[in-house]
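The values are calculated or read from the model by the stated rules, or taken from the named source; none is laboratory data. Note that the coordinates shown come from a computational prediction; the quantities given were computed from them, not determined experimentally. Glycine also receives a Cβ, built like all others from the backbone with ideal geometry; neighbour counts cover every protein chain displayed. The protein model used for the area step is the full one, side chains on, heavy atoms only, and it has no ligands, DNA or RNA in it. Shrake-Rupley method; radii C 1.70, N 1.55, O 1.52, S 1.80 Å.
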Amino acid sequence: MSNGEMVGLVLAVALFSASAGAVVAGVIAARRDRFAELRMRRTDAYALWLGARRTLTRASLSFVAAFRAVAAQTRRKDVETLRHEEAQRTRTAWFEAMRELDQAEAGLVVWSDDPSVRRHLDRFPPVKPEMLREAIDGSVKTVAQLARLLREDDDRAVQFVLMATARSHPRDLPGSAWLTGMAKYAGSIVDHWSKR
């Protein structure tokens, strides 16, 4: 093979390698950007779920306090009307908080790439109306137990979210091993032809 052919072959392989490398680098960059966007959406979904849980905790405790106040009210008509209105507002807020939690949970299931997320969410059931009724009708100790239980569940939910969002870092970008292999292959072709 003449020197001119050798130079032409080396230039052709170099041009092909550069073109392939540019295409692969573009694909990897696009995947990296898509992964970053998906990670951000997943993190937002976890944050919305956690916020909805904490809002439900506050709404539940307000609901109990308002209805306990109605049950303990004096028979003054002006106070009675105000307490009933407040109790109805807290009931509406509780139903709204439950709806927001349902929506946040659905968003978390959709945006999570972890198939076990539903199983994890089952460990955090929302407060049940029966629990609220027991606290409304029960003693101050029952209310304190409900508040402690809800806050402990919220603390566990915070830890779950922190662990779940920390896990969503990429281990290795897909295609990076292929790009390295292609570069080695192109180098071996150049080496092979340069020795002839």
Item checked: Test result for Leu61, out of contact with any Pro (no Cβ under 9 Å at 6 or more places or on another chain), in a helix (DSSP H, G or I) and either of a type in the set (Phe, Trp, Tyr) or open to solvent by less than 80 Å² (accessible area, probe 1.4 Å) (or both) -> yes
Checklist line | Filter result for Ala164 (surrounded by 12 or more Cβ atoms within 10 Å (Cβ to Cβ), assigned to a helix (DSSP H, G or I) and at pLDDT 90 or above) | finding: no
Margin query: Just to be sure before I move on: is Phe95 part of a helix (DSSP H, G or I), modelled with pLDDT of 90 or more, surrounded by fewer than 13 Cβ atoms within 10 Å (Cβ to Cβ) and over 18 Å from the mean Cα position of the chain (by Cα) in the structure I sent?
Written below: yes
Next item on the list: Could you look through region 64-81, keep only residues that are over 42 Å from the mean Cα position of the chain (by Cα), β-branched (Val, Ile, Thr) and assigned to a helix (DSSP H, G or I), and pick out the one that is surrounded by the most Cβ atoms within 10 Å (Cβ to Cβ)?
Entry: Val79
Next item on the list: Take region 119-150 and flag every residue that is farther than 30 Å from Ala106 by Cα and in a loop (DSSP other than H, G, I, E, B).
Entry: Gly138, Ser139
Next item on the list: Please enumerate the residues belonging to region 98-115 that are part of a helix (DSSP H, G or I) and open to solvent by 80 Å² or more (accessible area, probe 1.4 Å).
Entry: Arg99, Asp102, Gln103, Val110, Trp111
Item checked: Pairs with Cβ under 6 Å, 6+ apart, first in region 73-91 and within 28 Å of Glu130 (Cβ to Cβ), second hydroxyl-bearing (Ser, Thr, Tyr) and open to solvent by less than 80 Å² (accessible area, probe 1.4 Å) -> Thr90/Ser62
Next item on the list: Sort out which residues of region 1-30 are in contact with a Gly (Cβ under 8 Å, 6 or more places away or on another chain) and open to solvent by 60 Å² or more (accessible area, probe 1.4 Å), and write them in order of number.
Entry: Val27
Check: Lys77 fails exactly one of the following numbered conditions: (1) farther than 18 Å from Ala47 by Cα; (2) in contact with a helix residue (DSSP H, G or I) (Cβ under 9 Å, 6 or more places away or on another chain); (3) of a type in the set (D, E, K, R). What is the number of that condition?
Finding: (2)
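Would you mention how many residues in region 32-47 are open to solvent by 70 Å² or more (accessible area, probe 1.4 Å) and modelled with pLDDT of 75 or more? Step through it out loud before you land on a result.
So in region 32-47, the residues open to solvent by 70 Å² or more (accessible area, probe 1.4 Å) come out as 32-34, 37, 40-41, 44.
In the following step, the residues that additionally are modelled with pLDDT of 75 or more were identified as 32, 34, 37, 40-41, 44.
Count: 6.
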Item checked: Test result for Val127, surrounded by 16 or more Cβ atoms within 10 Å (Cβ to Cβ) and farther than 26 Å from Phe67 by Cα -> no
Note to self: Here's a check for you: in region 48-58, which residue that is more than 18 Å from Thr142 (Cβ to Cβ) and in contact (Cβ under 8 Å) with a residue 60 or more places away in the chain is surrounded by the most Cβ atoms within 10 Å (Cβ to Cβ)?
What the structure shows: Trp49
Checklist line | Close pairs from region 12-39: first in contact (Cβ under 8 Å) with a residue 40 or more places away in the chain and under 30 Å from Val161 (Cβ atoms), partner open to solvent by less than 70 Å² (accessible area, probe 1.4 Å) and of a type in the set (A, V, I, L, M, F, W, C), Cβ under 6 Å, at least 6 apart | finding: Ile28/Leu173; Arg32/Leu173
